[in-house]
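The values are calculated or read from the model by the stated rules, or taken from the named source; none is laboratory data. Worth saying up front: this structure is predicted, and the values here are computed from it rather than measured. Here the Cβ positions follow ideal geometry from the backbone for every residue, glycine too, while neighbour counts run over all protein chains shown. Ligands, DNA and RNA are stripped out before the accessible areas are found, and what is left, the full protein with its side chains, is counted by its heavy atoms. Shrake-Rupley method; radii C 1.70, N 1.55, O 1.52, S 1.80 Å.
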Amino acid sequence: MTTGFWLFAFILSTLYGAGFHLWRGGGARQLLLYLLAGWVGFAAGHIAADLINFTWLSACALHVVPASVGSVLALFISRWLAERNSQTQN
C-alpha cells in the first residue's frame, strides 16, 4: 500500500470524525473520541470489505464505501456508549 493510500484513508476518516463532532458538538474529549472512532471504524470497514472481497466503488486498494459505513457506525456507537456512560454516572 502506498503513501497516497494511507494519506487518503487518514484524511477521509479524520473528516468523518471532525464532521461528526461539528454536528453533535462537545468538548475536546468528545473530539478525541470521535476522531478515534472514525479511524478505527474506517479501518475495520476496510478490512471487513477486504476479507469478503467487496470491491464496489473502491479507489485503487481502498474500499471507500464499506470503510465509510464502518466509520459512521463506529461514530454513532461511540456517541451512544458515551451518553450511556454519562447517564449511569449521574
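In table form, for the structure just shown:
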| quantity | calculated |
| --- | --- |
| Of all residues making up segment 70-90, the number that are in contact (Cβ under 8 Å) with a residue 12 or more places away in the chain and either aromatic (Phe, Trp, Tyr) or open to solvent by 80 Å² or more (accessible area, probe 1.4 Å) (or both) | 2 |
| Single condition VAL40 does not satisfy, out of (1) over 21 Å from ASN85 (Cα atoms); (2) open to solvent by 50 Å² or more (accessible area, probe 1.4 Å) | (1) |
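One line per residue, one yes/no per condition, for (1) under 22 Å from SER78 (Cβ atoms); (2) touching a residue at least 40 places away in the same chain (Cβ under 8 Å):
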| site | (1), (2) |
| --- | --- |
| THR14 | yes, no |
| LEU33 | yes, yes |
| PHE42 | yes, no |
| ASP50 | no, no |
